[in-house]
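Enquirer: For reference, the structure I am asking about is given below.
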Amino acid sequence: MPIINRNTQIVFEKGDISVRIGAKRDGSSGVAEFVETEPRQIGKSYPVDKKYMDVGEAPVTFIFNKIESLDAVIYQLQKLREIMSDPEKVPSYD
């Protein structure tokens, strides 16, 4: 069951999405969780009230059980960054 909730969208725009990360102590699994916060400066690190979190606590959770899966997401996000930086690089599917 790789996708649990369907049609979830996160709009990154106003600095009101916080990303929290965590991992098992042995490094066998890691998570990135996305939660709504008050709007703040994008890209700045902020202290959190809670040091530890439970997996699935946030409305959107990415769970990575293999580093290769994390690498695949990072790769696609880097490609997206290139496209957004230079719209001429947007692939044409004509």
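Enquirer: Quick one: 3J(HN,Hα) in Hz for the range 79-89, Karplus 6.51/-1.76/1.60 with θ = phi - 60°, rounded, Gly and Pro as x.
Expert: Going residue by residue, I get 5, 4, 4, 4, 5, 5, 6, 9, x, 5, 8 Hz, with x marking Gly and Pro.
Enquirer: Using amide H atoms built in the peptide plane, which far-off residues or other-chain residues are under 5 Å from GLU57 H to H?
Expert: When sequence neighbours closer than 5 places are left aside, there are no close amide H contacts.
Enquirer: May I ask you to derive the relative contact order of the range 17-89, considering only C-alpha pairs under 8 Å and at least 6 residues apart, and to give it as an integer percent?
Expert: This gives 29 percent for the range 17-89.
Enquirer: Please work out how many pairs of lysine residues in the chain are eight or more positions apart (or on different chains) and have Cα atoms closer than 21 angstrom. Mind dumping the intermediate values first?
Expert: On the way: LYS14/LYS44; LYS24/LYS50; LYS24/LYS51; LYS24/LYS66; LYS66/LYS79; LYS79/LYS89.
Lysine pairs satisfying the spacing and distance rule in the chain number 6.
Enquirer: For the range 34-47, take each phi angle, set θ = phi - 60°, evaluate the Karplus expression 6.51 cos²θ - 1.76 cosθ + 1.60, and give the result in whole Hz per residue in order, putting x for glycine and proline.
Expert: 10, 10, 7, 9, 5, x, 8, 4, 6, x, 8, 7, 10, x
Enquirer: In nanometres, what is the gap between the two model label sites at MET84 and ILE10, each 7 Å from Cα along Cα-to-Cβ?
Expert: 1.2
Enquirer: A further question follows. Only one of the values (1) 46, 26, 26; (2) 46, 32, 25; (3) 36, 26, 22 was calculated from this structure for Cα extents along the principal axes in Å; name its label.
Expert: Only one option fits the structure, namely (2).
Any read-out appearing in this document is the output of simple, stated calculations on the displayed coordinates, not a laboratory observation. If you're wondering where the values come from, they're calculated on a predicted model, not measured in any experiment. Cβ: placed from backbone, ideal geometry, glycine included. Neighbour counts: every protein chain shown.
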